[in-house]
Amino acid sequence: MTARIGVVTFPGSLDDRDTQRAIRLAGAEPVALWHKDKNLHQVDAVVLCGGFSYGDYLRAGAIARFSPVMEPVIEQAKAGLPVLGICNGFQILTEAHLLPGGMLGNDHLHFICRDQKLRVENAETSWTSDYAAGQEIHIPLKNMDGRYVADQYTLDKLEAEGRVTFRYLDFNPNGSLNDIAGITNEAGNVVGLMPHPEHAVEPLIGTGRTDGLPFFTSILKKLVNA
């Protein structure tokens, strides 16, 4: 039976179709989920994609966090449903308190779009098992509010528990504390990151590499072997 991975579309989402394509390339079935629908249609995992949900009013992700679809996403994520938040999706996950910390505007106060070098710090989550710890990859990055922040206690806890999943290398593009590009929850089923793996799944687009595809093959293997 084919694994079914839901992709939520909010008003202002930009990368839902790209994410669906990445899921399809990995061998799973993408399922479109609408922000007003509380029914997740029995998907096996969920991706909150990039974009500018609700125009980033108030704070990036602050309004989307209260969309009807987030009620079952939050409930089921706490029960073990794999959830990936990409860029705006990461912002939504912090607003929903599925991941700790928060996102602020880039320290240079400009939108940034570039190919970003990352180091894989944790290859044991539902979304990163097809990587190797310490592996260096290149993933496109595009954001205005990508600066990850948290209090010192939270930062120390994330580092001590190995919950930093990705770290910026060579250049910190937004001022994120500890060069953090992505994190996971304690159970490893919820992952958020600012770079866009769905834009690095085919040689023709993005970085010209396929460094982002393992996100989607990782979850597929997790679901098939469950």
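Surface exposure of the range 4-225, expressed per residue as accessible area with a 1.4 Å probe, stands at 42 Å². Spatially close Lys pairs in the chain, defined by Cα atoms under 23 Å apart and a spacing of eight or more places or different chains, total 6. Measure off, as a whole percent, the carbon and sulfur share of the 1.4 Å-probe accessible area of the chain, all protein chains present. Result for the chain: 51 percent of the exposed heavy-atom area is carbon or sulfur.
The residues GLU95, GLU124, sorted by heavy-atom accessible surface at 1.4 Å with ligands and nucleic acids left out, run GLU124, GLU95 from largest to smallest. Hydrodynamic estimate: the Kirkwood radius of the chain over Cα pairs, inserted into Stokes-Einstein at 37 °C and 0.692 mPa s, corresponds to D of 194 µm²/s.
Against the criterion of solvent-accessible heavy-atom surface with a 1.4 angstrom probe, LEU204, LEU14 sort, most first, into LEU204, LEU14.
Dividing the convex hull volume of the alpha-carbon atoms in the range 1-132 by its residue count gives 129 Å³ per residue. Each Cα pair under 8 Å and six or more residues apart adds its separation to the average, and for the chain the resulting relative contact order is 20 percent.
The values are calculated or read from the model by the stated rules, or taken from the named source; none is laboratory data. Note that the structure is predicted; figures quoted are calculated from it, not measured. Heavy atoms of the whole protein, side chains included, go into the accessibility calculation; ligands, DNA and RNA do not. Shrake-Rupley method; radii C 1.70, N 1.55, O 1.52, S 1.80 Å.
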